[in-house]
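For reference, the structure is listed below as structure tokens.
Values in this text are rule-based calculations from the coordinates and carry no lab data. This is a predicted model, so every value here is computed, not measured. Ideal geometry is used to build each Cβ from the backbone, glycine not excepted, and the neighbour counts take in all protein chains shown.
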Amino acid sequence: MEDKWAFLQPWQEILHECKTLHDSLDVVDSREFRASHLPVRASLRCWPSLPKGYEQLAGRCVLPIPFPASRHDGEKLQRIREAMELFNVLATVSRPAFVQLLADCVVVADNFDDLLTPDFLFVFPVWECYLVGTVGSEDVVAEGSTVSWGALFGCPDDPREYSTEFCAAMETLEEMRRQVTEALCDFMGRQATPEWGEGCSEIEWTAEHVAVPTKGVQDAATSIGAELSVDSFSRKLGSLFDVDVPAVVQLCAVSDCTKMLKTWEDLAPSSEILSVETMKPNFSAPGGANVATALSRMNLTALRLSLDEIVDSVATSEAASSAGFLLSTLLNSHQTGAAFGLGSDFCG
């Protein structure tokens, strides 16, 4: 590692540990395994705006970030968040440094050979966060009150509030990013008045449930010109950890949802507008009613619902009954009545 980037070594090591854990997991491709061992996945994308026509300056890559649900080492979970925030800024400062430090952590890239050449100036990383196992009934996530993505993954605290080491590293990267941004703006200014495209700040999530797996996107993108985004951009990824998780995600993250369902009876539903898609539900599997309850607590603008193939008449009857309960629950919830009025898509 070059001396210039040596200050990032503690966080480089933690991301390499994440990749080692990811590679060690013995994954079984089954609905039941995913629901119990890999219940929640969240792809965090936080990229700055670039001048229109220059979007091809950045290449994408995916880095797996497993968060053990056991919570045995809370300090380490916080360090993972710190590393993500720091290297997300580094990706906009120096493509060669990002690739050099994290080449072994990347599992998918647009074209990794290109990431190693000057064809790209920046890297747009996709942080593929996922929960390993389900959290226990004593965890704050199982209490039922609204929780953030940071709380779900065990890293709810803002590193700026407790780590002078993190703050010093981020200040160094911010100054480097400021210099890169000024150079880019100067270049664009010599060509013409730059018109900036939109940045990206979103969470694409998946909640694995044995009966009704679901997915959706929480979009927090804002259109910010690079000249305004030097300091604010460094906080963007951290702000995604402060976004509240959808109720159906919270449901799938816990090993026992009894306490959560009881708490929900006395809590107002979420006002955040969301759209949700189910992924090959098995309505004859247990727990579909709990998913219906979770979805009814979400302010849905759209719900895309499809049915799996059913092979026998008994299963067909059970599935129809469970699907009917899901729909009636959603239609009876005051906020989703309007959502269905906007349109929904059902495929049988």
Checklist entry - Once amide H atoms are built 1.01 Å from N in the peptide plane, which residues 5 or more positions from ALA220, or in another chain, come under 5 Å H to H? => result SER201, GLU202, ILE203
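How much length is gained on full extension from VAL107 to THR20, taking 0.36 nm per residue of separation minus their Cα-Cα distance? Please list the in-between numbers first.
Working: separation 87, 0.36 × 87 = 31.32 nm, distance 1.19 nm.
Extending this stretch completely gives an extra 30.1 nm.
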Checklist entry - Just how far, in whole angstrom, is segment 10-74 from segment 233-265 if you go by their alpha carbon centroids? => result 18 Å
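Mind scanning LYS4/LYS236; LYS236/LYS280; LYS76/LYS236; LYS76/LYS215; LYS4/LYS215 and naming the pairs with a C-alpha gap bigger than 31 Å?
Values: LYS4/LYS236 24 Å; LYS236/LYS280 33 Å; LYS76/LYS236 21 Å; LYS76/LYS215 28 Å; LYS4/LYS215 41 Å.
Pairs exceeding 31 Å: LYS236/LYS280; LYS4/LYS215.
What net charge is computed for the residues neighbouring VAL28, neighbours being all others with C-beta under 13 Å from the C-beta of VAL28, Lys and Arg scored +1, Asp and Glu -1? Before the final figure, lay out the partial values.
On the way: positive: ARG31, ARG34; negative: ASP26, ASP29, GLU32, GLU208.
Its environment carries a net charge of -2.
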Checklist entry - So what J values fall out for segment 64-69 if you push phi through Karplus, 6.51 cos²θ - 1.76 cosθ + 1.60 with θ = phi - 60°, rounded to Hz, Gly and Pro as x? => result x, 10, x, 10, x, 6
Checklist entry - Going by how many other beta carbons lie within 10 Å of each one, how would you line up TYR162, TYR130, fewest first? => result TYR162, TYR130
Item to check | Under-5 Å amide H pairs with ILE65, H placed in peptide plane, nonlocal only | outcome: GLU128, CYS129, TYR130
Checklist entry - Quick one: Karplus J couplings for segment 235-245, per residue in order, coefficients 6.51, -1.76, 1.60, θ = phi - 60°, nearest Hz, x for Gly and Pro? => result 9, 5, 5, x, 5, 5, 5, 8, 5, 5, 6
